[in-house]
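Asks: Questions regarding the structure given below will be posed in turn.
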Amino acid sequence: MVKIVAENLCIDFPVYNSNSRSMKNAVLRATTGGAVAKDSANRTFVRSLDKVNFSIKPGERVGLMGHNGSGKTTLLRALSGVYAPTSGNLTVQGRVVSLLDISLGMDPDATGYENIMMRGIMMGLTPRQVQERMDAIAEFTDLGEYLGMPLRSYSSGMQLRLAFTVSTSVEADIVLMDEWLAVGDADFQLKAAERLNHLVGKAPILVLASHSIDLIRKVCTRVIELNHGHLVSDQPLLAEVGV
């Protein structure tokens with residue numbers, strides 16, 4: 001069964017050479033991120049998530065809200081498997097498609113076709129599965145002969161177009177997003193939005209971090225608010241159709 005369950009989830013980040021840091025930097029860390037503390041060995045760490053509890057079941061679209069440093073991105077990265085819990089438990093069942101860094105794993109010296117293969121494998125596809133999708137991915141990008149050229153010869157917009165197309169070519173049980181994606185020129189954005197809506201619409205679970213309450217209200221059925229690593233609110237919303 002597709003689900004996400006967090007039980008007393010804590011994620012800490014060690015701070016090295018903390019004794020040499022200015023008091024000003026220490027205050028900034030304390031007011032814009034998680035709590036600054038020391039462990040039993042007197043090592044300084046920042047607690048980015050502090051005893052967070054929630055569960056998400058199929059059919060839910062969950063919006064994450066909070067100020068910068070509240071823990072939204074840390075939570076998304078934990079859900080994607082990038083960060084392991086320091087303590088507590090995190091259960092994520094289902095195929096996860098993370099759209100947090102869609103260019104991750106792409107090589108500027110490799111061709112577009114080679115990058116499609118590498119990015120696809122990073123997202124959990126086998127080489128054969130990527131090859132089966134290759135023609136459809138190539139057609140959607142509208143990059144034509146550029147796909148046979150090194151990625152470094154692409155404009156930034158072309159690179160994002162390629163990365164987006166590969167990243168949205170995997171069937172998802174759980175979609176993770178940090179703000180809603182909009183890539184390419186006006187024409188490409190239209191079909192990219194349709195593709196993204198299709199991916200999100202088919203996925204049983206969506207977790208979307210955003211500063212936009214209007215976006216959250218349009219897309220989500222529930223909103224979780226974080227503050228300094230603590231879950232301070234978890235409320236249902238009535239979702240509207242479309243983005």
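Each reported figure results from applying straightforward, stated rules to the coordinates on display, with no laboratory input. Here the structure is a predicted model, which means the values were calculated and not measured. Positions of Cβ are backbone-derived with ideal geometry, glycine not excepted, and every protein chain shown enters the neighbour counts.
Asks: Where does the chain land at 222 nm, in deg cm²/dmol rounded to the nearest 500, when only DSSP H runs of n ≥ 4 count, each adding -39500 (n - 2.57), divided by all residues?
Replies: Result for the chain, helices only: -10000 deg cm²/dmol.
Asks: For LYS51, what charge total do you get from the other residues with a beta carbon under 15 Å from its beta carbon, if Lys and Arg give +1 and Asp and Glu give -1?
Replies: -3
Asks: Using DSSP, restrict attention to beta bridges with both residues in the chain and report what percent are antiparallel, rounded to the nearest 5.
Replies: Given both bridge residues lie in the chain, the antiparallel proportion sits at roughly 60 percent.
Asks: Taking the Cα centre of the stretch 175-229 as the origin, how large is its charge dipole in debye, to the nearest 20, when only Lys and Arg (+1) and Asp and Glu (-1) carry charge on their Cβ atoms?
Replies: That gives the stretch 175-229 a dipole magnitude of about 280 debye.
Asks: For the chain, with the dipole built from +1 on Lys and Arg beta-carbon atoms and -1 on Asp and Glu ones, taken about the Cα centre, which of PRO14, ALA193, GLY148 lies farthest toward the positive end?
Replies: The Cα lying farthest towards the positive end belongs to PRO14.
Asks: Give the Kirkwood hydrodynamic radius (Å, one decimal) of the chain, defined as one over the mean of 1/r across all pairs of different Cα atoms.
Replies: Mean inverse Cα-Cα distance, inverted, gives 19.4 Å.
Asks: Next question, about the same structure. Taking the Cβ of ALA78 as the centre, find all other residues whose Cβ is under 14 Å away and add up their charges (Lys, Arg: +1; Asp, Glu: -1).
Replies: Cβ neighbours under 14 Å give a net charge of 0.
Asks: Please list 3J(HN,Hα) in residue order for the stretch 46-62, calculated via the Karplus relation 6.51 cos²θ - 1.76 cosθ + 1.60 where θ = phi - 60°; whole Hz, with x for glycine and proline.
Replies: So the J values, rounded to whole Hz, are 10, 8, 7, 10, 10, 6, 8, 10, 6, 9, 10, 10, x, x, 8, 10, 9.
Asks: For the chain, with the dipole built from +1 on Lys and Arg beta-carbon atoms and -1 on Asp and Glu ones, taken about the Cα centre, which of THR91, GLY229, GLN131 lies farthest toward the positive end?
Replies: Farthest along the dipole direction, towards plus: GLY229.
Asks: Hey, any idea what Rg/Rh is for the stretch 88-178, computing Rh the Kirkwood way over Cα pairs?
Replies: Rg/Rh: 1.00.
Asks: Lysine pairs in the chain with Cα distance under 16 Å, only those 8 or more apart or on different chains: how many are there?
Replies: 4
Asks: Enumerate the calculated ³J(HN,Hα) couplings along the stretch 196-209 in order (Karplus 6.51 cos²θ - 1.76 cosθ + 1.60, θ = phi - 60°), each rounded to whole Hz, writing x wherever the residue is Gly or Pro.
Replies: With the stated coefficients, the stretch 196-209 comes to 5, 4, 5, 4, 5, x, 7, 6, x, 9, 10, 10, 10, 8 Hz.
Asks: Using alpha-carbon positions, what is the distance between the centroids of the stretch 89-128 and the stretch 149-201, in Å?
Replies: Their Cα centres are 13 Å away from one another.
Asks: Gain in length, ASP185 to LYS202, computed as 0.36 nm per residue apart minus the alpha-carbon separation, to one decimal in nm?
Replies: Here the segment from ASP185 to LYS202 would lengthen by 3.6 nm.
Asks: What net charge do the residues around PRO204 carry, taking every other residue with its C-beta under 13 Å from that of PRO204, with Lys and Arg at +1 and Asp and Glu at -1?
Replies: Residues close to PRO204 contribute a combined charge of +2.
Asks: What three numbers, in Å, describe the spread of the alpha carbons of the stretch 47-115 along their principal axes, ordered from the longest?
Replies: The principal-axis extents, from largest down, are 44, 29, 23 Å.
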